[in-house]
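Before any comments, here is the structure.
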Amino acid sequence: MICPYCKEEINDGAIKCKHCKTNFALSQNVTKAGGSATYQKNANVAPIWASITGLVLGIIAFLASLNDSFDEDELIGLFMIAILAIIFSAISFANKHGGRGMAIAGLLTGIVSFILALGSI
Ligand SMILES: [Zn+2]
């Protein structure tokens, strides 16, 4: 076979190149470990954070919308919280990993709050 690093001919199944001294077993493990760490960070941490934020904002908006005497500023604030709850829940929906139940709850409370806020205009 050919060494992928220096392109010299080496023995089949060699774990170390005799020309450039590259250790193939070692360099493969490093690439794998680095790749999986990056995958876990992107796949799990971010969407759970987004769905928790969406759920918390959805609950706040829902509790606020149960109050039926709003002035104009309070209504605008309620709309913004409800819209943010929908956006954060939608972000976590877009990624398939983790926090899906919370994203659904955040989406529902956000939409219900938005409708309740529309009803009290
Ligand atoms: Zn080599």
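Please treat every number below as a calculation from the coordinates, not as lab data. Since this is a predicted model, take the numbers as computed values, not measurements. Using ideal geometry, Cβ is built from the backbone for each residue, glycine included, and neighbour counts are taken over all protein chains shown.
Structure data summary
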item	result
Where only alpha carbons of the range 42-119 are counted, the Rg and the Dmax (Å)	12.6, 43
Theoretical gain in end-to-end length, residue 104 to residue 70 [0.36 nm per residue, Cα-Cα removed]	9.5 nm
Spin-label pair residue 23/residue 52, simplified geometry with 7 Å Cα→Cβ offset, distance in nm	3.9
Sorted peptide list for 1-11, 75-85, 53-63, criterion being average Cβ within 10 angstrom, highest first	53-63, 75-85, 1-11
